[in-house]
Amino acid sequence: MSEALHVHHDTAVGHDVHHDDHGHHHQSFISKYIFSMDHKTIGKQFLITGIVWAIIGGLFSVLFRLQLGFPGQSFPILETFFGHWAKGGTIQPEFYYALVTMHGTVLVFFVLTAGLSGTFSNFLIPLQIGARDMASPLMNMLSYWFFFMASIIMISSLFIQTGPASGGWTMYPPLSALGQASDGSKLGADLWLISMALFIVSQLLAGLNYISTILNMRTKGMSMTRMPLTIWALFFTAVLGVLSFPVLLSGAVLLLFDRNLGTSFFLSDIVVNGQILPNEGGSAILFQHLFWFLGHPEVYIILLPAMGMCSEVLSVNSRKPIFGYMAMLGSMFAIAILAFLVWAHHMFVTGLNPFLGSVFVLLTLLIAVPSAIKVFNWLTTLWRGNIRFTPAMLFAIGFVSLFISGGLTGIFLGNSTIDIHLHDTMFVIAHFHIVMGVASMFGMFAGIYHWFPKMFGRYLNNTLAYFHFWVTIIGAYLIFWPMHYEGLAGMPRRYLDKSIWVSFNQFGSLDQMITIVTVIVFAVQLMFVFNFFYSIFKGRKVTSTNPWGATTLEWTTPILPGHGNWTGEIPEVHRWPYDYGKDGREFIPQTEPIGANESKH
Amino acid sequence: MEHQSASPEVTFTHHTSDADFRKKVIRTTVILSVITVIELIIGLIIYNIHKGPEPSAFLVLAFKGVVCILTIAKAYYIVAVFMHLGDEIRNMIMTIVVPLLLFIWFIAAFIYDGNSYKNLRNDYDKHFKESTMPKGHHKAEEHKVEEPKPGKQ
Amino acid sequence: MATTATQQTKWWSGGKSPFNIEYGKLMMWYFLMSDAFTFGAFLISYGSIRFSQNFWPDPNVVFNAFPGAGHANLPLAFVSVMTFILIISSVTMVLAVHAGHNNDKKAVIKWLGWTIVGGIAFLSCQAWEWHHLITGTHATLIDGQIQWVGQTTTVNPWGNLVDAETLTAALKNSTVQSIAQVVHEQHGNTMSHEQLLGLPKDQLLNMVNTAELHIREKGPVAFGGYFYGITGFHGFHVLSGVVINIVMLLMAKNDVFAKRGHYLMIEKAGLYWHFVDLVWVFVFLCFYLI
């Protein structure tokens, strides 16, 4: 804490004198690249860690898709790598559940929370609001290293004898609370909970930093309504995280107590292997309430950054102002509030009081309003735009497409009566993967392709990028669209082998197709990773400071900004960030003062 | 250094005179103490109602409600005076107070569902009902099941 | 910087804090808000479980001991002492922060010192209360016989009162040790525990005054879990608050703040300390009053 105030003087912004001697400090490799306090480096650290996690989490999905597409078939190579987890080349039940659990945990928390908002909040907030760095660079660094520790613990749980947590990424007790119930609920579940506690600390450190940076560190003239929508989205993301992660922390702590201290917060009336457990009076539904009080905002923690970045990318590459800036703000605000009020729609069939459920239905369906406003605004931003199909733009358009298709099925699931039929089927998998998983990945790709030149001073390879986009979007729909039909027919999720159901045999070849496409899409993601790392060192060099012709502040910095971002004084802002195609000019940077006879927007 | 300014973000700091400040702190301390004493008295009243021959559930509930309100009053004084939130800019106060409104639904839904869980267990788990219901309340319990349903065990 | 104070209307236009406070204080406030959600989640879970039970122990029955007062029935007495300790330490913290505003090093040290004393006193009280609850055993009806158990996370001795028939039957089933302890508790010092253990069971049973004996069934297990979990989590906050205050005290003593020209750090430590007090207000409400 003492450090925190100390660095304060160095990071002061606004009318303070500039600090261009900043970048010239001699920095060792360790303080520059490892324990760095520069927000840009920390952002890249989050991104690269996120990519590593995405490969691991994606690989898990390929493995369990093999089982789902080809149940019972032997892949001897699996035994070579995974030993008794894949005895005889077939995926064992414990292994399967460990895979799905870790796939969910890794993708939701480590990739799409830390990897997405961690990367772009860190990288973009100071650059786009005109600040030298985050409010507290030290806390920023700690946030990454807490995340790193959480990662290490989660990874280590993959290598222990009894395997990682395997009670599903939601960790519902009693399954996750009792070691006798499943191998994954032994040491693996403890490690999961500890890792998640560290992750929450990391998210809190980061979120507090983002909020106070956005509120306090904006440059002169950068009023709240002159901030790019990216920043607004990241702001709401941080607010959601700060208010909802603590609730998961409480749930995790109570679950740890249940597991290790014999308490009965979530346990009652349980018989395992003929043995009656003494626990009495706890409520398993209580854990689900606590979990989803975080879990639902978490969905928006994942989605909002993607929304914000796609708004920005769509506007820049349509060469048009974003349609309905204030409506965008309003709907993001509405989404942020509603995110806290709807958590129990994940629990309609758990024994939740049905009347309470009906209130949750009402609140849930309200989310359709702001979501529809946003979709409408994106489409009208594109409408009659002078569109440049850069890779980032394609991914942003893909995001809108996925958000629409995935959002519509949300209306099905938000109705508790329909949910009685659809819950725990492949329909749910299809819904949330499209609307939250893949859509957010697309937002992340849009962000990476758009800001890669700012991050590394080089471009990603365009040919590979276009290939990446088309395979991914077609693949995403090929993988997840058919799951709707499976789910409507009643095919359950989470099952190891569905071939014993005669009624689902008709989907056998469909499942094989899904698996094959999964493998292809995964391979193409690896190609993207290659493109990413190759281009960092060998990509085409950026020669102008503003390659996309964008108005926002990050493009007024040098091509590769040093610590402190601007060499001279921080520019002052005079207008909103979406002056594209105005008064016959293609774009007007935010730093340009309003002309005498300029038209109003 | 009468204007302590840690950074350019902050343009001035509000200052209260020592005498005013002392008065305010003493007043708040007295208020907090008095409220706490009232709470303790109510606590003892509730205790004695419980001990009595015919504990009135309504009276107990009413007193508990009063204690809750008094606690919120205490919280208000701690936050507004001791934590100086009352001296901040209005917008700042709002950013703290408005998110706390989420607690309303948070509390309502959790409590409602907890209560519902009790009713479910009383309906379907006879052993639970018999072993935990305070003696003499079996008949008074208003929640009745018309048809006996198969129990959990 | 004094010049900008005139344009008060443009708080949000950038270049300064819209709330006129430095980022550290802002962060502390939002951290406390998020911490309020942690505590809120704990307390609301407690409420949810409490509402899912047919029976919940009366806190006045559970918390009726006072150090040095033996078996006297003093409901709410000890916890009111704890509450006042925290309120007073909050007041001394306010005074420390105020002294910091006046750059009065001596007063800062004095009031911080008293705050630390208050914090340690509170923690000691809590330690005593926990110790008393865990080690102080109560005759409880468990599996048809009387056993002596303390309040732990796995068992709760504060259930429904046992009626006379069940009690008589339970006494017959109980071990000699348990009955001897009942007799020992009832008859005070007339015979030592060892002497009682030497007597035959029938004689012991005759010595029990069943009319005066109030035995309870096991109560809801969650009571102990939540009590220790939440007061423990609160105590952990008090402990970290004390550590922070000690650090502040040392920094003030070593003129760190004097050299810096301001004592704003104390203000943040103060916010944290008041928050600890604030949480206690609600813990006090949920566990001791209602």
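The values are calculated or read from the model by the stated rules, or taken from the named source; none is laboratory data. Fair warning: this is a prediction, and the values are worked out from it, not measured in the lab. Cβ: placed from backbone, ideal geometry, glycine included. Neighbour counts: every protein chain shown. The accessibility values were calculated without ligands, DNA or RNA, using every heavy atom of the protein model including side chains. Shrake-Rupley method; radii C 1.70, N 1.55, O 1.52, S 1.80 Å.
Numbers for the structure displayed
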{"item": "Meets criteria (surrounded by fewer than 24 Cβ atoms within 10 Å (Cβ to Cβ) and of a type in the set (S, T, N, Q)) for A:ASN317", "result": "no"}
{"item": "Criterion violated by A:SER371 - all others in (1) of a type in the set (Ser, Thr, Tyr); (2) in a loop (DSSP other than H, G, I, E, B); (3) under 18 Å from A:ALA439 (Cβ atoms) satisfied", "result": "(2)"}
{"item": "Condition met for A:THR556 (among the β-branched types (Val, Ile, Thr), over 27 Å from the mean Cα position of the chain (by Cα), surrounded by 13 or more Cβ atoms within 10 Å (Cβ to Cβ) and more than 14 Å from chain C (Cβ to nearest Cβ))", "result": "yes"}
{"item": "Test: residue in the stretch A:140-147 that is of a type in the set (A, V, I, L, M, F, W, C) and open to solvent by less than 40 Å² (accessible area, probe 1.4 Å)", "result": "yes"}
{"item": "1 or more residues surrounded by 13 or more Cβ atoms within 10 Å (Cβ to Cβ) and touching a residue at least 24 places away in the same chain (Cβ under 8 Å): qualifying helices (runs of 4 or more DSSP H) within the stretch C:114-199", "result": "C:164-173, C:176-187"}
{"item": "Odd one out for B:PRO53, checked against (1) facing chain C (nearest Cβ under 9 Å); (2) part of a loop (DSSP other than H, G, I, E, B); (3) modelled with pLDDT of 75 or more", "result": "(1)"}
{"item": "Matching residues, the stretch C:197-226, being within 14 Å of chain A (Cβ to nearest Cβ) and in contact with a strand residue (DSSP E or B) (Cβ under 8 Å, 6 or more places away or on another chain)", "result": "C:GLU217, C:LYS218"}
{"item": "Matching residues, the stretch C:66-84, being more than 17 Å from C:PHE282 (Cβ to Cβ) and among the aliphatic types (A, V, I, L, M)", "result": "C:ALA69, C:ALA72, C:LEU74, C:ALA77, C:VAL81"}
{"item": "Candidates B:ILE93, B:ILE41, B:ILE78, B:ILE89 - the one that is facing another protein chain (nearest Cβ under 10 Å), over 25 Å from C:GLN53 (Cα atoms) and buried (at least 18 other Cβ atoms within 10 Å of the Cβ)", "result": "B:ILE78"}
{"item": "Complete set of residues in the stretch C:244-284 that are more than 14 Å from chain B (Cβ to nearest Cβ), out of contact with any helix residue (DSSP H, G or I) (no Cβ under 8 Å at 6 or more places or on another chain) and part of a helix (DSSP H, G or I)", "result": "C:LEU250"}
{"item": "Selected residue [touching a Pro at 6+ places or on another chain (Cβ under 8 Å) and either closer than 30 Å to A:GLU569 by Cβ or aliphatic (A, V, I, L, M) (or both)] from A:LEU261, A:LEU240, A:LEU249", "result": "A:LEU240"}
{"item": "Residue selected from the stretch A:113-137 under the condition polar (S, T, N, Q) and part of a helix (DSSP H, G or I), by the criterion farthest from A:PRO305 (Cα to Cα)", "result": "A:GLN128"}
{"item": "The stretch A:256-266, residues that are of a type in the set (A, V, I, L, M) and farther than 15 Å from C:PHE223 by Cβ", "result": "A:LEU256"}
{"item": "Any helices (runs of 4 or more DSSP H) falling wholly within the stretch C:1-105 and containing at least 2 residues that are at pLDDT 90 or above and surrounded by fewer than 21 Cβ atoms within 10 Å (Cβ to Cβ)", "result": "C:23-51, C:77-101"}
{"item": "Test for A:LEU124: is it within 19 Å of A:MET227 (Cα to Cα) and touching a residue at least 12 places away in the same chain (Cβ under 8 Å)", "result": "yes"}
{"item": "Hits in the stretch A:83-103 (condition: part of a helix (DSSP H, G or I), within 15 Å of A:GLY184 (Cβ to Cβ) and either under 32 Å from the mean Cα position of the chain (by Cα) or among the hydroxyl-bearing types (Ser, Thr, Tyr) (or both))", "result": "A:TRP85, A:PRO93, A:GLU94, A:PHE95, A:TYR96, A:TYR97, A:ALA98, A:LEU99, A:VAL100, A:THR101, A:MET102, A:HIS103"}
{"item": "Every pair of residues 6+ apart whose Cβ atoms lie under 6 Å, when the first sits in the stretch A:75-93 and is closer than 22 Å to A:GLY167 by Cβ while the second is in a helix (DSSP H, G or I)", "result": "A:TRP85/A:PHE95; A:ALA86/A:LEU78; A:ALA86/A:GLU79; A:ILE91/A:GLN67; A:GLN92/A:TRP85"}
{"item": "In the stretch C:205-235, residue modelled with the lowest pLDDT [restricted to those that are in contact with a Leu (Cβ under 7 Å, 6 or more places away or on another chain) and open to solvent by less than 10 Å² (accessible area, probe 1.4 Å)]", "result": "C:ILE215"}
{"item": "C:PHE287 being within 13 Å of chain A (Cβ to nearest Cβ) and surrounded by 14 or more Cβ atoms within 10 Å (Cβ to Cβ)", "result": "no"}
{"item": "So A:GLY168, is it farther than 30 Å from A:TYR578 by Cβ and either basic (Lys, Arg) or touching a Gly at 6+ places or on another chain (Cβ under 9 Å) (or both)", "result": "yes"}
{"item": "Evaluation of A:THR162 against (1) modelled with pLDDT of 95 or more; (2) in contact with an Asp or Glu (Cβ under 6 Å, 6 or more places away or on another chain); (3) hydroxyl-bearing (Ser, Thr, Tyr) (one fails), failing number", "result": "(1)"}
{"item": "Index of the failed condition, B:PHE128 passing every other in (1) in contact with a Lys or Arg (Cβ under 6 Å, 6 or more places away or on another chain); (2) more than 9 Å from every other protein chain (Cβ to nearest Cβ)", "result": "(2)"}
{"item": "Among residues of the stretch C:142-153, those that are out of contact with any Ser or Thr (no Cβ under 7 Å at 6 or more places or on another chain) and within 12 Å of C:GLY219 (Cα to Cα), counted", "result": "3"}
{"item": "Which listed residue, of A:VAL299, A:VAL271, is without any contact (Cβ under 8 Å) to a residue 12 or more places away in the chain, more than 7 Å from chain C (Cβ to nearest Cβ) and more than 22 Å from C:THR152 (Cβ to Cβ)", "result": "A:VAL271"}
{"item": "So A:PHE95, is it crowded, with 21+ Cβ neighbours inside 10 Å, in contact with a helix residue (DSSP H, G or I) (Cβ under 8 Å, 6 or more places away or on another chain) and hydrophobic (A, V, I, L, M, F, W, C)", "result": "yes"}
{"item": "Selection within the stretch A:532-553 - open to solvent by 20 Å² or more (accessible area, probe 1.4 Å), among the hydrophobic types (A, V, I, L, M, F, W, C) and part of a loop (DSSP other than H, G, I, E, B)", "result": "A:TRP548"}
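Listed here are the residues, each with its yes/no results for (1) open to solvent by less than 20 Å² (accessible area, probe 1.4 Å); (2) away from every other protein chain (no Cβ under 14 Å); (3) over 30 Å from A:THR381 (Cα atoms); (4) in contact with a helix residue (DSSP H, G or I) (Cβ under 9 Å, 6 or more places away or on another chain).
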{"position": "A:PHE291", "(1), (2), (3), (4)": "yes, no, yes, yes"}
{"position": "A:GLY295", "(1), (2), (3), (4)": "yes, no, yes, yes"}
{"position": "A:MET309", "(1), (2), (3), (4)": "yes, yes, no, yes"}
{"position": "A:GLY330", "(1), (2), (3), (4)": "no, yes, no, yes"}
